[in-house]
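Okay, so here's the structure we're looking at.
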Amino acid sequence: MIPPLIKRTITSEYLSFGLRVCLGYFFIYASLSKIPYPAQFAEAIANYRLIPYVFVNLGAVILPWIELVTSLFLIIGFKSRSSIILIGLLLIIFNIMILVNMYRGAPISCGCYDIVGEPIGWKKVLENALMLIFSVQVYYCDKPVPLHRLKSFIGAGSGQWLAAMRPK
Amino acid sequence: MTKILIADDNSQNLYLLESILKGYGYGVTSARNGAEALKLARQNRPDLIITDIFMPVMDGFALCREWKADERLKYIPLIFYTATYTDPRDEQFALSLGAERFLIKPQEPEALAEVVRQVLEEGAEKATEKPFADESETLLQYNEVLFRKLEQKVVQLEEARADLQKIPAALARASQVSLFDSLLVIGMGVLLAIIFNISNPHGIPLIPDRPDPVPSISASAAMEGYRQGQTLIVDAMPNNFFQLRHIKGAVNMPPALFDIMYLVSLSEEDKDQKIVVYGNTISRPYDLEIADKLLLRGYTDVKVLDGGLHAWEVNGYPVDERVSR
């Protein structure tokens, strides 16, 4: 049995928030390094030799943007459940691609954060697996602030600022 | 000071009524139900009573009956103030019990104060004029009112139960990830990606143009030339890590290093040299790219190996784990 304190900590929504920000940061960082140079990222994708030729460029253009949109949504808490599902799916796909190429013995670069990137290996697989565990925690334990509450919060704040700024 | 007794089981209603009446200068005593109100009134006679109907222990109707039956209290006017019994038949029954007024909650403070003032002015003489209804008739009506209320409550309960039954399904729906939301997120990503790719100076075509087809040669035909030493085999894979096995004697010429490898390995070859290029993956037609480059450099007899390394290996032709040249 898991001790109650540890269980409470693991299932804490504050931990979920922290993990959301953490995952969001990693994915934003990863996407921003790939978005400006899709051709290089297309090469990195092609090196995995798993995506058909006609889809390589499409993947290289779209994938970083999906990473960026999902991670931004994840941080602000808008459609965060869908976003975390997509991030989880991406992590699973990345890990499968890495494992297949490790099995083939092709020491290609992973293309994760930089164009050159670090070579694929168990470190990368574990890194992705850890992020996948984070995603599961966020999926089950996160309680995002509903948008209407966020709106009222922002509204209330802005109202106070406006009142403070109004000439007396 | 005019004393008013108020009876209501809801503390908020009690507080509100008390505040309004005190604001108009009346002295107010509060009771939580009919029985308590009756007890307080017998101890200290008020000038008016305002009572709710739906209360525990003793409801407003029962209080009114007791009130009007009590010789000491029956001249004190009684006002019903209710939010539950709002049917005109309820009002009719309430007035038949001898109540002076029947008010439906909520009332504006001014309107309430005006009614209180009127009732106090009319006073008790009006109360005495009221004929008491027949006992059995009263009970019959009382039963009818209660039955009607019970019916309404049953309907409300049924509605509430139906609403409650919907909750687990709604919760399950909310906990499921909406397909629409996922498509929305993906759609936004795709839209932004395409727009940015158009404006990006380093943008790429979404569907790449496949290099022009180059004549191909079967593994057996290529082997023929290879045996005679007339054919030069070029391995077009990006680097020799990709495939641990290579055609023995092949020149490794990855696209990125084409110019250097061309200078090192091919620049002194005759332009009519037979060249067979191989190296094609699901993701990149490297062989076509290199063959195209060689044709542009003036080589006339460039072919790609049909089936690549796999076809070569299947035929049992010589392969090497490292590139020899």
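Structure summary
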| quantity | calculated |
| --- | --- |
| Close pairs (6 angstrom Cβ cut-off, 6 or more residues apart or separate chains): exposed (fewer than 11 other Cβ atoms within 10 Å of the Cβ) in region B:204-228, at pLDDT 90 or above anywhere | B:P215/B:K303 |
| Any chance B:I247 is at pLDDT 90 or above and under 60 Å from the mean Cα position of the chain (by Cα) | no |
| Residues (aliphatic (A, V, I, L, M) and facing chain A (nearest Cβ under 7 Å)) located in region B:195-215 | B:I204, B:L206, B:I207 |
| A:F17 among the hydrophobic types (A, V, I, L, M, F, W, C) and facing another protein chain (nearest Cβ under 9 Å) | no |
| Positions within region B:229-240 being free of Cβ contacts under 8 Å to residues at least 60 places away in the same chain and surrounded by fewer than 17 Cβ atoms within 10 Å (Cβ to Cβ), in sequence order | B:G229, B:Q230, B:N239 |
| Per-region count, region B:264-286, residues within 14 Å of chain A (Cβ to nearest Cβ) and assigned to a helix (DSSP H, G or I) | 1 |
| Segments classed as helices (runs of 4 or more DSSP H), wholly inside region A:1-98, with at least 1 members that are touching a residue at least 24 places away in the same chain (Cβ under 8 Å) and surrounded by fewer than 16 Cβ atoms within 10 Å (Cβ to Cβ) | A:4-10, A:13-34 |
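The values are calculated or read from the model by the stated rules, or taken from the named source; none is laboratory data. Owing to the predicted nature of the structure, the values given are computational and were not obtained by experimental measurement. As a convention, Cβ positions derive from the backbone with ideal geometry for all residues, glycine included, and neighbour counts pool all protein chains shown.
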